[in-house]
Structure formats: structure tokens, C-alpha cells
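Engineer: One structure, pasted below without further comment.
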């Protein structure tokens, strides 16, 4: 601990008092009351830990945090105090907390006095245990530094828009509604030094109200790099903030030993934060350590989702930062992207460019923008559930080269177009890989719930200008677009008989193939679906209802609609004369090598599409319980696709 | 040995390419004074200095300076220069903006301008250590290691705990071909840093190897581990070195620490098995292989990277060899 004359005086006073049988508090009565000059703010969020940091002008040692699961507090943790650059002291206390996913209240103090009042305004939530599946909301704030004379207070507008969007417009409400807060670098302009941070990041009360409730993490930006060195981990950035280096937060990954790049888990998401400054500039030399760590960290994790964040985007043409021209971006693309795509990272979020840009689901686009090939566009759609449909990845968990979505969002405080500074050797127009390129202030919200990730771009007025979804794992029911990697062996037929009177519509589906027995019983039902796709879009689906006795019991008969006779193993049947479920009358399933799946439905509730269907037509079947699927090639000579009569398809 | 960090990668043939923190091996002909000094130094040295990047960023221990976003086309660079000019206009005798300007010139490899600005800052009363270390960096960048060495030594005579000066001294010695001394100086530097970055530990580690001081390299790895904990990027090269030196037991101790940190890492379990096999502990080796294979099998087939698939095949082969008492799963 570095002592200063001030601190030495206080310590001397305190020790003298102790010798005299007095308390340190009484010794400090003669000194001035401390003033909080920064914070408190929260760092290093984990299931069983949180670090509270704050600054005061004077201190009566020891400084401490008093905390507990109720406003009554009850526990105390002494802080480590060091001299700060404001002429006072920085205090940091790491709390050991018993319970994950729990609200704790805290109060900062020193030996003489308490400095805050326990209550909601000084509370936080611990993280869930790694692997926990629960709804998670992540808020990213890119290039948010307020730059007097250059940017206005737009960063307050984007922040308020988020507060309004997720909560009641207050910092407390927004903090309660946020699980992970991530700054993407360039958090203070133009020098990301302590003084600038003090002015624009720590002082504004609107930010303080949030920071004392919600811990935040950060990637280092180039403006932080003006005064901080990410290879040596020296400078104001590393003095102000605390990031995990030794797996302190609990992770399925590997300790990095560096605050410039690190990983942590929140629920079923593994986060990786990288340095796109010096460590990538020297990736062949000392900076190789980051790449070595990254590969081992991704190999070790088993989380459902992996989200990576770093400052300089591998793909961008926003605001003087062309990723074809700037070497850091090129190196991130050439050195880091292959690793993260090899290990199935789902989403990459960057800042740097003061725009919003977003790719579709892509893989293996390492070269310049004009080398983009169709094979890299795994799903070129917009990913919008209300548009082209969500992106789908087969694996819940890591799936090599199943696709990654890249977001550039450095528009929290300032937005520019690339052509404001002509003649810089950059290319015109949006980056060809992008699905969205917006010149708009805003922040990104990522929401993960089980096997679905939803990304939104919220502008400064509260409008959602972009939405996309990634779903992972084996589909339950029919996915929005044809699934990949389905078996092709078997025979199938689909007959959708379209009548003028919709009540007379009939739908029959049949599949014959080797079907696994998932051990269905009356309490579980079965989750088997037939899906017809027209030109890549789901046009018709017929699913055997899953759920068992409690769910599918007719009010009249009070019996399960599923039947299973133990004397006839592998045979399951469903009957519903009332055709309650989308007109479904019957389902017959036979498992085994000569298995079959057949459904019969009818009536207006069968929800026929408009005929004729657009081609090509693809028919797939899903046994979601066993994670099997079949994609029997359609016999083109046996297609009947007629506006009046409907659809008849055979294959196999 | 490459001076400083490894040379940056060759930039693609794109005239628009720029790096905002560039360290190419380029001499700059600037003011006569620097040029003369360089020529004199070249004449005094009868050996070719390896070209490499600048150690400027490494010397940030003393200067807290890094490569800026200083390419001329970046508005931030111009803004920074403007801010410096404004500060100087307000207080022409304040040396602090001159230090900033010198660093800006340094980052843009304007060695002559950087040196001149440091000298000016000195005249204005700038901190002597800061300016001397900055100047030493400039001399290194301008490939004048003798001058850099002189300045660094002078600073160390005043304060032998000056890490930045000692690192510059090491870089100078390396540039002059004295790798053993360079390695020793870097090791001393590491001892002075309470919480080094993994990159710095590795820098010192590799310097020992370059100087053929392998035991010293392993001591460095251990020192780094003591300071920042078990980190894969340090342990893995140390394990490789232990194996190269024919010390499987020592390597095993290291891999055990990694496995303790990430018990589900199949690669480390597999390597543990290899080391156990080398030590004649075949039963334990097979168990480690089985665990590694189980970790791989936990991931559905489609979720295995090429590296994992290759490892899987290797493990299956090892488990099926005659030395194995049981077949793998």
C-alpha cells in the first residue's frame, strides 16, 4: 500500500489512539469528515463475489464496506486503500458473498464514519452459478465517452432511452432490469485518462446512480490506449478498473493472467473480452499470449452460449474506421476470427466505429470486403423473427463453424458517416457483409433465454431499429427454415387437400424410416413434427402434441389422448375426435428399423398455406425428443402443387 | 534475437494500410544531428543489427505511454496535437505538453522531432528521468542502441529500481548482440514488477532461452506464476521447455496445475497422460487418456473442432496400443 503524508498522519493518529485505549474513530474525530470523490462503483461480479471501489479525499483507516442480504447489513470487509490521482485515496474491497443470484445491500465507510446510507440505492445482485439457465439481459454501451466541444450529451440520451425501454426510466429500475453491463471501450474522450474519466464517466450523477447498482465490465479502446499500455497493463485504465485475471468470478474457462483480456461466465453464457490494441498489434510476439489463452479458454468452456467483445471490429466501414485499411482490425479478423469461429462463438460485439452495423450469420470471411463469398453467408437473412426468421445453429453449446453474428456498435455517444473525412483511402458504402448499416445513435441489448438469443439496437429515441435472433440446439417443432444435417433415408408422403370449404380440408402426412424410440410414455407424449418448406420458408407444419396426461386431457372424457400399450412396445397412438389441436385427428408412431410416423388432420384449423407453394419444396420430419430429423428428397416427378387442389408430395 | 518484440507482420500490399501504432524497421533521415549520430554509431559497430520493432511500448513502465492512435489521417491525432499546442500557448513554460508531443512524435517514428522535443522539455524543467527514458526509447527506435544504453545506465545509477530504464538497457544490449546480459537485465526487471503481465513474463522467459539460459527461463516462469498465478500462456511454453530438456516430472508438475484449474480441458489431460507414460506410470496415463476422451465424447460429434477430432483419434490410438491394459471407450 502506498502511503501519503495524509494517510500516514491518519494512521499515526489511529495507532496512537489504540495505544491509549481509544478507538480509531475517536482518534479521527479531530480530522475532517471524508468526502466521496468517486463512486462507489462495482467491479468483478461473480456468484460469490463483488468488488466495491470508491474514492475519498481523506480517510481514517481502515476504509471498509459493510454489507448483507438485508438493509441491516451485518458483515464487514476492510478495503485496500491507495493514493489516487485526485489527491485523495482509492479504496477497493472484495466481498465474499454466500449466495449467488441474490440481492446484497452495502455501505461504504471508514473507521470514523459511514459515507452512504444502506438501501436500494446501494445494492447489487450476485451472478447466477455458471451454467444456470435463466433469462439474461446484457447491455452494451460503445464509444460512450462524452467529449466536450465535440460530442454533446447524446450519451445521456441513449442511456435514458435504455432506462425507459427496460424499466421505469430510472437508473435503479434499469439496474434491476440489467444482468450484465459491458462498455466497449473509448469510454472517455479524448484521452482516456483518470482526469477525463473523472469528469465524464464518474462524475455525472446519472451514471453514478447506475454504477453504484450495476457492476460493469469493459474492453479497452484506443482512446484508453493513449495513456495505458495493454501489453504491460500499466496506465490509468488498469488503475481505475478491476477485471478477472485468475478466474475469480468462476468460469468454465481458463485464467488469463491479464486484465487486458479475460473471460467470465454469467449463467449459461461464457463471455470473452479481448484486447484489440497492443496485444493484437504484437500477436506474433509477446501478444501471442492472448491468442494462446483464447484458444485454451474456448476449449475448456462448456457454456451454451459464447459472446465475445473487443473494441476494434473485424468488419466495419463506419466513421473513418475501414476494417480493410486499419491493421488492428485486419489482425483481429485474420488472427482472432478463425479461432472464435472454430470454437463456435455465437456473437461478437465491437465498438470503435461510431455507427451501428450488423452481419447476418457468417463464417470464414477472413479477407478483404470484396472477397466475401456466398459460402460465408450461412444465413443471409435478417434474422428477424418477424422477417426472414431467426438464425439457427444446430448445437446448444459450442458448434464449430455453425456461424457467428458480428455487431459494431460504437454509437452510444456520437454517430458519423464514413464520408465525413474523405480521402482517407477507405471504400465507400456499407460493408458488403453487413445486413444492417445504420447511422444512428444507440446501444445494443442482448437477451438470452435458454436456447434463444435476441439482439436489438435501441436508438436514442427509444425506437428499436434492428432485431435479430439466434436459436440453438435441436428444434422443438418445426424451425423457421430447413434444418441442416438431417438423415435422408426413408419414404415420405404429404397430402394437403385443399377444398373450397375449408372445413373439408384434409392433411395427411406419413414417414417410414428407422425411428428411435424415445421411451415415450403417456405422461410425456411425443414431440414429432412434419414440416413443409416452400422456397426455404416454413409453409405448413403438423406436430404431434407433446405433453402428457395433464395437458392433453379432454374435459369430457378426462383421459389422455395418447395411448401406449406395453404389450405392443414401440407403438404409440394419439386420437382426438374433437380435433382440438390444429385440426389433428390422429397420430400413429411406430419406432424401430421399420418405424413410421403418420398424422391425419382436417378442417379449417389445419391452417393451410396459399397454394400453389413456391418451389423448391422441402419436407422434413423432426423427432425432437430423440433429436432426430429426416429430410427425404422430394420426387420431383410426383409433385402436385395446385392452387385449387393443394399439395401432394412423395419422396424416398 | 529480435530486438524488442517480434517484427510486425508484413503488411499486405495496400497503400491505404496503416497501423495506428506502427513499429516497422525503418530508419529515418531527419535532422543532421541525429543522422550524424547514427552514422557515427554505425561506423562504430562492426556488426549488423537485427531489424525489429521498437520497444517503445515496453518502456511504458516508466512513461505510461503507448502507441497512440496517431496516424495522421485519424482526427484524434490532430485533436491531440491541437490540444498540446493549446496547452503550450497557455503556458509556454510547462514541460508536460512537450513530453506529450515528444511521445506523439515517437509514436509516429519522427525520431528527430521526438528527440528535439525531449531536449526542449528538459530545458523547460521536465522530469529528468522521464525525459531520459523517453530519449532512450527514441534512440532505440532510431537504431542507436549505444546511445540508448548510455542513457539507460545513467538512469539506473540514479535509481536502480527504474524498470523502464532497465528494460531499455536490456533492449540495447540485445541490439548490440549481448543476449546474455540482456536476459539478465530483463530478469532483474521482472523482479521489480509486483504484478507483471503475462506478456512481460514471456518476454523475459524467451530472452533467457535466446541466451541459452534454460534454467533461468524456468525460474522466470515460476516467478511469473508466483506473481500472477497459474496462467496457460506461461505454463505451456514452460512445459514444452521442460520436455525439451528431458524433465518429464517437472513438466508433469506444471500440467497438473493447469488440469487443476480446468479439469475438463481434454488437451491438458492428454498431455498429462503423455507425461505419465514417459515416467513409466502407464496405468495413470491410460486413465488420463480415458478422461480426456470422455471430455471429447461429451460433446456431440458436430460440436468437435478439427483439433478435438484429431486429438480424439490420437487418444483412441494410444488407448488401443499394446501397452494399454484396457481398450479405450
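Engineer: Expressed in nm², what is the orientationally averaged projection area of the convex hull enclosing the Cα positions of region B:204-318?
Structural biologist: Mean projected area for region B:204-318: 7.5 nm², to one decimal.
Engineer: Moving on to the next point. Given that compact globular proteins tend to follow 2.2 N^0.38 Å, what is the ratio of the alpha-carbon Rg of region B:138-252 to that value?
Structural biologist: Ratio of Rg to 2.2 N^0.38 Å for region B:138-252: 1.11.
Engineer: Something else: How large is the convex hull of the Cα atoms of region A:145-192 per residue, expressed in Å³ as a whole number?
Structural biologist: Considering the Cα atoms of region A:145-192, their hull volume per residue is 75 Å³.
Engineer: Quick one: if you stick a label point 7 Å off each Cα along the C-beta vector at residue B:249 and residue B:219, how many nm between them?
Structural biologist: 2.1 nm
Engineer: How large is the helix-only mean residue ellipticity at 222 nm for chain A, computed as the sum of -39500 (n - 2.57) over DSSP H runs with n ≥ 4, divided by its residue count, in deg cm²/dmol to the nearest 500?
Structural biologist: The helix contribution divided over chain A gives -3500 deg cm²/dmol.
Engineer: How much of the pair distance distribution for region A:197-339 lies past 25 Å, counting alpha-carbon pairs only, in percent?
Structural biologist: So the pairs more than 25 Å apart make up 30 percent of the total in region A:197-339.
Engineer: Can you put A:478, A:486 in order of Cβ neighbours within 10 angstrom, beginning with the fewest?
Structural biologist: Ascending Cβ contact count within 10 Å gives the list A:486, A:478.
Engineer: In what sequence, highest mean first, do A:91-100, A:41-50 appear when ranked by Cβ atoms within 10 angstrom?
Structural biologist: Those peptides, ordered most packed to least, come out A:41-50, A:91-100.
Engineer: Ok, one more. Looking at region A:129-236, what % of its DSSP beta bridges pair antiparallel, to the nearest 5?
Structural biologist: So the antiparallel bridges in region A:129-236 amount to around 20 percent.
Engineer: Right, here's the next one. Quick one: P(r) of region B:216-264 from all Cα-Cα pairs, 10 Å bins, percents rounded to integers, in order of increasing distance.
Structural biologist: Histogram of Cα-Cα distances, whole percents per bin: 28, 60, 12, 0.
Engineer: Could you check how many percent of all C-alpha pairs in region A:87-207 are farther apart than 18 Å?
Structural biologist: The proportion of pairs with Cα distances above 18 Å equals 64 percent.
Engineer: Moving on to the next point. Taking 0.36 nm per residue of sequence separation and subtracting the Cα-Cα distance, how much length would be gained by fully extending the chain between residue A:499 and residue A:465, in nm to one decimal?
Structural biologist: My answer for the length gained is 8.1 nm.
Engineer: Please work out the ratio of the alpha-carbon Rg of region B:112-192 to 2.2 N^0.38 Å and round it to two decimals.
Structural biologist: Compared with the compact-globule rule of thumb, region B:112-192 sits at 1.06.
Engineer: Need the C-alpha centroid separation for region B:78-136 versus region A:32-104, integer Å.
Structural biologist: 38 Å
Engineer: Which distance in nm do the two modelled labels at residue A:156 and residue A:439 give, with both placed 7 Å along the Cα-to-Cβ direction?
Structural biologist: Taking the two extended label points, one gets 2.6 nm.
Engineer: To continue, here is another question. Which order do A:434, A:290 fall in if you start with the one that has the fewest other Cβ atoms within 10 Å?
Structural biologist: Result, fewest neighbours first: A:434, A:290.
Engineer: Please state, as a whole number in µm²/s, the translational diffusion coefficient that the Stokes-Einstein equation yields for chain A at 4 °C and 1.567 mPa s, with Rh defined as the Kirkwood radius across alpha carbon pairs.
Structural biologist: In µm²/s, the coefficient rounds to 47.
Engineer: How big is the convex hull of the Cα atoms of region A:245-297, per residue, in Å³?
Structural biologist: Once divided by residue count, the hull of region A:245-297 is 63 Å³.
Engineer: While we're looking at this one, here's another question. No solvent, one uniform scatterer per C-alpha: report log10 I(q)/I(0) for region A:305-448 via the Debye equation at q = 0.09 1/Å, two decimals.
Structural biologist: Treating every Cα as an identical point scatterer, log10 I(q)/I(0) equals -0.25.
Engineer: Calculate the mean, over all residues of peptide B:264-271, of how many other protein chain Cβ atoms lie within 10 angstrom of the residue's Cβ.
Structural biologist: For peptide B:264-271, the averaged partner shielding equals 3.
Engineer: Then there is this: I'd like the distance between the alpha-carbon centres of region A:215-285 and region B:139-201, rounded to an integer number of Å.
Structural biologist: Centre-to-centre distance over Cα atoms comes out at 26 Å.
Engineer: Taking 0.36 nm per residue of separation and subtracting the Cα-Cα distance, what length does fully extending residue A:137 through residue A:82 add?
Structural biologist: Length difference between fully extended and current span is 16.4 nm.
Engineer: Still on this structure: Report the convex hull volume per residue for region B:70-226, counting only C-alpha atoms, in Å³.
Structural biologist: Roughly 121 Å³ of hull volume per residue.
Engineer: So what's the Cα pair-distance distribution over region A:330-375, bin width 10 Å, in %?
Structural biologist: Calculated over all Cα pairs of region A:330-375, the distribution is 21, 59, 19 percent.
Engineer: Here is a further query. Which values, in whole Å and largest first, are the semi-axes of the equivalent ellipsoid of region A:54-139 obtained as the square root of 5 times each eigenvalue of the Cα gyration tensor?
Structural biologist: Equivalent ellipsoid of region A:54-139: 27, 15, 11 Å, largest first.
Engineer: To continue, here is another question. Given a cut-off of 19 Å, what percent of all Cα-Cα pairs of region A:280-331 lie beyond it?
Structural biologist: 43 percent
Engineer: Then there is this: Using alpha carbons only, how many degrees (0 to 90, rounded to 10) separate the axis of helix A:5-19 from the longest principal axis of chain A?
Structural biologist: The angle comes out near 80 degrees.
Engineer: Still on this structure: May I ask for the angle, rounded to the nearest 10°, between helix A:154-166 and the longest principal axis of chain A, with both axes built from Cα atoms and the value confined to 0 to 90°?
Structural biologist: It works out to around 50 degrees.
Engineer: Right, another one. Which three semi-axes in whole Å describe the equivalent ellipsoid of region B:85-144, each the square root of 5 times a Cα gyration tensor eigenvalue, listed largest first?
Structural biologist: They are 20, 12, 7 Å, listed largest first.
No value in this document is a laboratory result; all are computed from the given coordinates. What you see is a predicted model, and the numbers here were worked out from it, not measured in a lab. We place every Cβ from the backbone using ideal geometry, glycine too, and count neighbours over all the protein chains shown.
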